[in-house]
Amino acid sequence: MRRWAVLATAVAAVVALAVLAVARWEEGRYARASAARIARSTAAYFEAVTPANRADSSDFDLRHLLAQARALTTLPGWEWPVEIYHGTAPLVDAAAPPLPPAELERLPDWRDGAALVPLRGPLNGDGDGEAVVGVVAVRPAGRGGLGGLLLSWAFLAALLAVAAAAGAKFRGRPHREYVAAALLLGLAAYTDVRGAARCSTNDWLTATRLLMQEAATRLPGPRVRVVLADVAPIGLGADLVWADSGTQRPRRVRIRGTERAVVAARLGSGRWADIRTAPAEAFTSVWLVALLGIALVGPFGFAALQWAERTPARPLRETATAWGFLAPAGLHLAVFSVGPMLFALYLSVHGASAGFLEPVRPYVGLENFRAVLGDPLVWASLGKTALYALYVPVSMALALAVALVLNRPGRAALVLRAAFFLPFMSSVVAVGLAWQSFLSIGPRDWLGSQRTALLALIVLSIWIQVGYQMMVFVAGLQRIPQAYLEAARVDGAGAWQRFWRVTFPLLRPVTQFVLVTGVIGAFQMFTLVYALTGGGPLYATDVIMRRLYETGWASLEFGRASALSLLVFVVLLGVTWAQFKLLAGRRAVEHA
Amino acid sequence: MASVTLRGLTLAFDGAAQAALRDLTLEVRDGELLVLLGPSGCGKTTVLRCIAGLEDPTAGDVLIGERVVTSLPPAQRDVAMVFQNYALYPHLTVSENIAFALELRGMPAAEIARRVTSAAGRLGLADLLERRPAELSGGQRQRAALARAMVREPSVFLLDEPLSNVDANLRIELRAELVALHRALRATMVYVTHDQGEAMTMGQRIAVLHEGRLLQVGTPAEVYQRPADVFVARSLGTPAMNILAGRARGTAESGDDRMFESGSLHIPIALPTYEGELQIGVRPEHVGVCAVDQGAGNGDILIVELLGNETVVHLNAGGQPLVARLPGLVDVQVGTRVGLKLDRRHLHLFDASGVRIQ
């Protein structure tokens, strides 16, 4: 009893510390990323403003470099400890130790708490420039944020709740306080991470603004006016646009549906430019999930331990084993079903991104759904799909008839059952291609005609599916005890009456299974269309899955494709629900 | 109502080593409750299925009344069957189950309702009519299956171990109910069981089957008192009849009985001319104990079972095992030797192959 309580306390403490550690690590990562980015901008600044030693030299004028390096640290608002090495010699703090020559050759990203970025020499006419002539080192600005304070408080609260929960008797009560504390801890940790992310973007914007403003005054002449192209390298690819005026504090602006971090830099008298970049905190939502998840491991572990403490060893072992067996399937389901579904949900309410891999997508609400529902091609394909799905009851009737005939012992029945099953076992594409050549032999091209293409697919699908459905029906028939049929015979029922009044009702769960899976399968049919008709001729076989594929992979409209897939999901849900309602008018039959 | 006659019924299943039924001839009289008794696998259920038309006999005929029905389908035989597992249609309610056969016949709905209500009322199912079989207890399912058979008013009822799936207490109760039902309906019933208690208490006549052959038919008393062979003798009564193997010795010159010897037992028997191996059957209640050397022989007591109203003693009589059933509580000690008395009026004599001699 005590052992369990101690264990529970340990679990709770470890989980709380884990949340804290993850948050701290992520914070540090943002600080380092920010420092590295500032260092790159700083290097770009020096490369832009420092004149060359001589006209054809690939080295900077050292006096200029020294003056500008010193000037950088005195800029009002510059809060990042910076060191510029010319070769291995420090310029800002001459008393500092020089850089080891070996490190200049193979520059590490990080050294002594500072991000290191190579400083490349000026371009000369020979084109052999851009040699590394020095190093820019930037340390993150040390500051204790509000988030850290919050985090400490929440941690304390969580520890208190854990202590209270564990100290109290180890009983079967839901520890609501602990769950609340854990959630609070996770939330606080996330706030901290988000704050760090926001801070890293803001730091870089601020530094870049200062660097650009400084550069605007120091660019080597002769220049009439500064143009954006002159300072653009300092922005490291961020958007630069002329603006009327602006605040010099970083702010968040929604531009065409996308959140951007913006700061205004003054590039001359009355000339302002906005520096726009993706705000780092926009990508932290995964950390909300992760941190809340980690935090909730505590309460879950607590509940699990409570359960384990109450449960005797044998069922405990059995349950653990059962979960062990379920885990791979569960993981597979989570990664390949639930995950993509959630992603589709996300995609369906967001617009297209600039690049395929660019994660920032503007939120567009139900725009994708509106577009999909307003598309006549979508409606046409839904109609085609529904028409195509009508093959399911036809093939089911055939399959049931075959099953009734072949549900008997003996080698002949076995061989025939295998023969019917063969098309289903073969590759759909292979079967389809075989039929394609077969169908084009005759006097008319069945797949090539707009009137007959869908019909040909329906016939082909029946041919493929009958064997499978027959096998399921045979399995169902063999599960029906003979006694019911014998009772019916004695009761005076003929063969037809026995089928309608006994066999068919007892087969209902199987029939329902075949129907539901068949209709779902029909709605998801893609391979045949893709292999045989490509949706043609003239959209005659453009079923919903092909429309989806077309939208997603041909037009690269993932938002719309996701919206369409969700619509298909809703349609299938409705169809399935209706089938259950219609067919399961009575409760499931149990064999008495 | 009608009689059922089986004439030389033989049934061999494909691939089976021996026939399930061998030249079986039996008459079930009109209105009679006949019990088919035998161990599992003896063919008794097969007989029932042949009567119902669920099996086609290889040879022989089935007659219901005067009509030969051997090649008729079950539907045209006018028999009702209660299956061992009841076989109530799981997708139908109790009332739909009972009405099933009537609906198939196209009977008017009002008449069906009347019959269902009446049958259900008779078997105490009135409150359960809308339930499904899965929602019934074992005894209720059994009654529903009976009602389903009864409502058809068939010529013959076939019952296949209908009580084997209900618990012991309920079985005794239902046994009495079934007998009462039989009396009330005056129906011809063929009742299959492997339980000798059911056979003795319920059957007007008992037919004992063994390996597809009919061994004996008779009233319970006849079959108990004059078993036709050793198998029948041991099938009825608990503990089972003692069978002593041995040989008759001596001659009957002086009109005296000859002496039968088995183990330590010497039993005088009135069989003047019989020579060869002999088996004597004696029921445990006809074995008594007395002082050593005062009876037909001596036996060592192996086991004593005190049952209260009687005491069952297992003995070893010079290598011949013997069971005695003594009334009341008898004070005998395991390991002691006692004399044994056999009631001469209740000895059953069988030849070496087990067939009754007298």
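Tell me, what HN-Hα J-couplings in whole Hz come from the Karplus equation 6.51 cos²θ - 1.76 cosθ + 1.60 at θ = phi - 60° for each residue of the stretch A:515-526, using x for Gly and Pro?
For the stretch A:515-526, the Karplus-derived couplings read 5, 5, 5, x, 5, 4, x, 5, 5, 9, 4, 9 Hz, x marking Gly and Pro.
Taking the 0 to 90 degree range and rounding to the nearest ten, how far is the long axis of helix A:2-49 tilted relative to the main principal axis of chain A, both from C-alpha atoms?
The angle comes out near 50 degrees.
Averaging sequence separations of C-alpha pairs under 8 Å and six or more residues apart, then dividing by the length of the stretch B:253-351, give the relative contact order as a whole percent. Please report the intermediate quantities before stating the final value.
On the way: 209 pairs, mean separation 32.9, N = 99.
33 percent.
At a threshold of 8 angstrom on Cα-Cα distance, excluding pairs fewer than six apart, so keeping six or more, what relative contact order does chain B reach in percent?
With pairs under 8 Å counted, the relative contact order is 15 percent.
Can you list the residues, at least 5 places off or on another chain, whose amide H is less than 5 Å from the amide H of B:R213, using H built in the peptide plane?
B:R22
Before rounding to the nearest 500, sum -39500 (n - 2.57) across all DSSP H runs of length at least 4 in the protein assembly as shown and divide by the residue total; then give [θ] at 222 nm in deg cm²/dmol.
Here the helix-only value at 222 nm equals -15000 deg cm²/dmol.
Name the shape class, rounded, prolate or oblate, that the alpha-carbon gyration tensor gives for the stretch A:2-138, where a ≥ b ≥ c are the square roots of its eigenvalues, rounded holds for a/c under 1.5, and otherwise prolate holds if a/b is larger than b/c and oblate otherwise.
prolate
When you count, for each residue, the other Cβ atoms within 10 Å and take the mean per peptide, how do A:480-487, B:307-314 rank with the highest first?
Packing order, densest peptide first, comes out as A:480-487, B:307-314.
Please report the net charge: other residues with Cβ closer than 13 Å to the Cβ of A:Q497, K and R +1, D and E -1.
+2
Would you mind computing, in nm to one decimal, how far apart the modelled labels at B:A270 and A:Q579 are, each placed 7 Å from Cα along Cα→Cβ?
Placing both labels 7 Å beyond Cα along the Cβ direction yields 8.4 nm.
Using 7 Å Cα-to-Cβ label points, what is the B:D167/A:T319 separation (nm, one decimal)?
3.0
Rounded to whole Å, give me the distance from the Cα center of the stretch A:52-118 to that of the stretch B:150-215.
After rounding, the separation between the Cα centres reads 108 Å.
Tell me the angle of helix B:109-122 to the major Cα principal axis of chain B, expressed in degrees between 0 and 90 and rounded to the nearest ten.
30
Just add up the charged neighbours of A:F473: K/R +1, D/E -1, any other residue whose Cβ is under 13 Å from the Cβ of A:F473.
Details: positive: A:R417, A:R479, A:R508; negative: none.
Surrounding charge for A:F473 is +3.
Using only the Cα atoms of the stretch B:253-351, each taken as one equal point scatterer with no solvent, compute I(q) by the Debye sum, divide by I(0), and report log10 of the ratio at q = 0.19, 0.22 Å⁻¹.
With no solvent term, the Cα-only Debye profile gives -0.90, -1.14.
Tell me, what is a quarter of the convex hull surface for the C-alpha atoms of the protein assembly as shown, in nm² with one decimal?
Across all orientations, the protein assembly as shown yields a mean hull projection of 68.5 nm².
Taking amide hydrogens as modeled 1.01 Å from N in the peptide plane, which residues meet the under 5 Å criterion relative to B:L163, leaving out close sequence neighbours?
Long-range HN contacts for B:L163: none found.
Cross-link candidates for B:K44: which aspartates and glutamates have Cα within less than 18 Å, leaving aside residues fewer than 8 places away along the same chain?
A:E486, B:D23, B:E27, B:E32, B:E55, B:D56, B:D61, B:D160, B:E161, B:D195, B:E198, B:E211
Just to confirm a number: summing +1 for Lys and Arg and -1 for Asp and Glu over residues other than B:G31 whose beta-carbon lies under 11 angstrom from that of B:G31, what do you get?
+1
Which whole-Hz couplings ³J(HN,Hα) result when phi for each residue of the stretch A:195-205 is put into the Karplus expression 6.51 cos²θ - 1.76 cosθ + 1.60, θ = phi - 60°, listed in order with x for Gly and Pro?
Result, ordered by residue: x, 5, 5, 4, 4, 5, 5, 4, 4, 5, 4 Hz.
Only the coordinates and a few stated rules stand behind these numbers; no lab work does. Fair warning: this is a prediction, and the values are worked out from it, not measured in the lab. Quick reminder, even Gly has a Cβ in these numbers, built from the backbone with ideal geometry, and neighbours come from all protein chains shown.
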